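Heads up: the structure comes next, in structure tokens.
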Amino acid sequence: MNKPYGADKDIHDNRVFPFSDTNVYKMWIIALEKTGLYSKDRKTGRTQLRIHQLRKYFRSQLALGCPVDVVEVLMGHEGYLTDAYRRLPTKQLAEYYSKYEHLLYISAPKDLQRIEDEFKAELQSNSKFMHQISSEQQTKIRNLEDQLENISSINIREQIEDAMENLIIDNETYKNEIRSLKEDMKLIRDSIVKTKPI
């Protein structure tokens with residue numbers, strides 16, 4: 001059986017944990033090792049989870065409901081508190097602590113499974129909704145792509161028809177110019193033939 005750290009608590013000692021710093025540190029390291037959370041920083045060699053972090057946790061969590069000055073008194077801070085808080089009776093401090101103690105619990109709430117089930121159901125519902133929206137969007141995208149292709153085909157067809165029409169017009173123009181040139185050449189030939197002596 002492991003030997004407990006620290007002596008039995010003296011009933012006249014008002015400290016919550018009447019242990020020396022060394023004993024508290026040893027208990028802290030053992031707790032970290034047993035939970036698999038013990039590790040040291042490679043650069044500093046310090047334990048990564050330190051006992052002082054519990055003090056910070058206590059202050060920040062308890063202050064979520066309890067007046068900050070009461071939290072400071074519970075932590076043993078006195079220097080900068082108002083006289084009203086310095087003189088709070090132990091019974092009143094205990095009442096404050098009891099009222100907000102639940103804020104310090106690290107364990108999961110009893111209804112965690114219900115919350116998790118509700119979250120999963122909502123996630124699944126949202127997933128179905130997102131899938132439906134995604135399918136609708138994909139259908140819309142396909143329709144838009146088809147419309148774009150049709151528009152492109154129509155534009156290309158119109159461009160080809162315009163080009164062909166321009167070719168026909170140009171062809172007619174060239175034909176007319178060729179006819180005109182042929183007529184001019186015939187006139188020139190005729191005039192040369194007339195001017196030649198026989």
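The values are calculated or read from the model by the stated rules, or taken from the named source; none is laboratory data. No experiment lies behind these values; they were computed from the predicted model shown.
Being more than 39 Å from the chain's Cα centre (by Cα), at pLDDT below 90 and not polar (S, T, N, Q) is true of Asp83.
For Leu49, indicate whether it is on the phi < 0 side of the Ramachandran plot and in a helix (DSSP H, G or I). Here the answer is no, as Leu49 does not meet what is asked.
Number of residues in the stretch 35-49 that are under 25 Å from Glu101 (Cα atoms) and within 30 Å of the chain's Cα centre (by Cα): the value is 2.
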